[in-house]
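Before any comments, here is the structure.
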Amino acid sequence: MATIIGKLIEEKQMTLKQVHAIRQRCIRRKKPMQDLLVEDKIVSEQDFFDTALKVFAGPVIDRQEEIVDASCTQLIPYLYAKRYGVFPVRRESQGLLLAMSNPTT
C-alpha cells in the first residue's frame, strides 16, 4: 500500500496529514486503507485504481467480464480473503487466479 499512497501524495491527490489520520482509523476500525480513502472521499475508487495501475505492472482483469468459478470461493477462508483483500477467481494450471485490492499484501 505504501507505494500507492506515495504516488497519491506525489500526484497531490492526498496529503501526509490525511495519511496519518487514515492510518489511525485503519487500526481502530480494522479496515483496509483503500476502503477508508474512498469512504472519506479523499480519492475516488477510479482514481485509486488508476494510481494502482501506475504503480503495479501486473495484469488487470475486468471483473464485469470475468467468469468467477464459484467453487474457488471455498478455497480461501472468508476472514483471510477480507483481511488481505483477495477474491479467488478461477483455477489455472499454475494455481489459483486471485483478484487483489492491494498486490503488496
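The values are calculated or read from the model by the stated rules, or taken from the named source; none is laboratory data. These figures come from a predicted structure and were not determined experimentally. Glycine also receives a Cβ, built like all others from the backbone with ideal geometry; neighbour counts cover every protein chain displayed.
Does Leu37 fit the bill of being modelled with pLDDT of 90 or more and either assigned to a helix (DSSP H, G or I) or surrounded by 10 or more Cβ atoms within 10 Å (Cβ to Cβ) (or both)? Write out each step before concluding.
On the way: modelled with pLDDT of 90 or more: yes; either assigned to a helix (DSSP H, G or I) or surrounded by 10 or more Cβ atoms within 10 Å (Cβ to Cβ) (or both): yes.
Against the criterion (modelled with pLDDT of 90 or more and either assigned to a helix (DSSP H, G or I) or surrounded by 10 or more Cβ atoms within 10 Å (Cβ to Cβ) (or both)), Leu37 qualifies.
For Cys26, indicate whether it is within 19 Å of Tyr84 (Cα to Cα) and under 17 Å from the mean Cα position of the chain (by Cα). Walk me through how you get there before you give the answer.
Working: within 19 Å of Tyr84 (Cα to Cα): yes; under 17 Å from the mean Cα position of the chain (by Cα): yes.
In short, yes.
Which of the residues belonging to segment 43-54 are among the polar types (S, T, N, Q) and surrounded by 10 or more Cβ atoms within 10 Å (Cβ to Cβ)?
In the first step, residues of segment 43-54 are kept if they are among the polar types (S, T, N, Q); the result is 44, 46, 51.
Once the filter is applied, which keeps residues that are among the polar types (S, T, N, Q) and surrounded by 10 or more Cβ atoms within 10 Å (Cβ to Cβ), segment 43-54 yields Ser44, Thr51.
In contact with a Lys or Arg (Cβ under 9 Å, 6 or more places away or on another chain) and not in a strand (DSSP E or B): is that true of Val68 in this structure?
On the way: in contact with a Lys or Arg (Cβ under 9 Å, 6 or more places away or on another chain): yes; not in a strand (DSSP E or B): yes.
Taking the combined requirement at face value, the residue satisfies it.
Test Arg91 against the stated conditions and say whether it is without any contact (Cβ under 8 Å) to a residue 12 or more places away in the chain and either outside any loop (DSSP other than H, G, I, E, B) or under 11 Å from the mean Cα position of the chain (by Cα) (or both).
no
Inside segment 86-105, can you point out the residues that are modelled with pLDDT under 85 and at positive phi?
Once the filter is applied, which keeps residues that are modelled with pLDDT under 85 and at positive phi, segment 86-105 yields nothing.
Hey, could you check segment 55-83 for residues that are surrounded by 12 or more Cβ atoms within 10 Å (Cβ to Cβ) and under 21 Å from Leu8 (Cα atoms) and say which is modelled with the lowest pLDDT?
Among them, the one singled out is Phe56.
For Thr51, all conditions in the list (1) among the β-branched types (Val, Ile, Thr); (2) without any contact (Cβ under 8 Å) to a residue 12 or more places away in the chain; (3) more than 21 Å from Val89 (Cα to Cα) hold save one; what is the number of the exception?
(2)
Looking at this structure, is Ile4 in contact (Cβ under 8 Å) with a residue 60 or more places away in the chain and within 24 Å of Pro88 (Cβ to Cβ)?
Against the criterion (in contact (Cβ under 8 Å) with a residue 60 or more places away in the chain and within 24 Å of Pro88 (Cβ to Cβ)), Ile4 qualifies.
Tell me which residues, restricted to segment 9-27, are surrounded by 14 or more Cβ atoms within 10 Å (Cβ to Cβ) and over 13 Å from Asp40 (Cβ atoms).
Matches in segment 9-27: Ile9 only.
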